[in-house]
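Below is one structure, written out as structure tokens; comments come after it.
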Amino acid sequence: MSDETNAQPEAAPETSPETVLDAAALEAELAKARDEVLRALAEVENTRRRAQREAQDARTYAIDRFAADLLPVADTLSRALQAAPRDSSDEALKNLITGLELTERTLLDVFSRHGLRRVGAVGEQFDPKLHQAVAQAPSNHPSGVVAEVMQPGYVLGDRTVRAAMVLVSSGQANAGASAPTVDIKV
């Protein structure tokens with residue numbers, strides 16, 4: 001007899017219930033491991049993005065306390081310029097006023113260069129995120145518009161460092177109208 005004739009065809013491996021259960025358990029374990037890997041990768045990506053955003057915010061808003069401390073200096077310079085007499089013939093006083101104007105302009109330029117900008121101009125629409133309404137009164141401006149600025153506000157990036165203190169217009173006053181009357185019939 002030759003080896004060829006004695007060779008018996010190999011039987012297909014038996015698929016016992018244990019083998020099927022083992023394969024199903026391994027597939028479930030593999031799917032679970034894939035899911036855990038994908039979740040871990042997503043968490044790493046989210047952490048990286050959050051760290052980048054926090055670093056950018058730290059760079060942008062690092063000067064907010066320092067800027068808030070300098071705002072009274074800018075206010076004082078502005079008030080000094082408003083109170084200074086403009087019609088004086090004294091050359092020394094004119095030079096002093098010119099120096100104050102230059103100092104204020106330089107300070108505002110430095111603020112601008114670092115992202116700090118002044119808000120609260122007459123004629124702007126009232127925005128509670130940028131303005132603090134001190135009063136509301138009739139004026140020549142439409143209702144809901146800043147009619148007067150008592151103290152300018154400042155914004156750093158998209159954060160309000162100090163809200164502008166403003167008077168908000170309640171609309172135009174009726175100049176020709178008299179006080180309301182009540183008609184009573186007896």
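Any read-out appearing in this document is the output of simple, stated calculations on the displayed coordinates, not a laboratory observation. On a predicted model such as this, the values are computed, not experimentally measured, just so you know.
Note on region 42-93: along the principal axes its Cα atoms extend 72, 15, 14 Å, ordered by decreasing extent.
On the principal axes of its alpha-carbon atoms, region 37-125 has extents of 80, 30, 17 Å, going from largest to smallest. For region 131-175, the relative contact order is 53 percent, taking Cα pairs closer than 8 Å that sit 6 or more residues apart in sequence and dividing their mean separation by the residue count. Cα gyration tensor of region 63-169, axes a ≥ b ≥ c as square roots of the eigenvalues: rounded (a/c below 1.5), prolate (a/b > b/c) or oblate? Cα axes put region 63-169 in the oblate bin. In terms of overall dimensions, the C-alpha atoms belonging to region 18-62 reach 64, 7, 5 Å along their principal axes, ordered largest to smallest.
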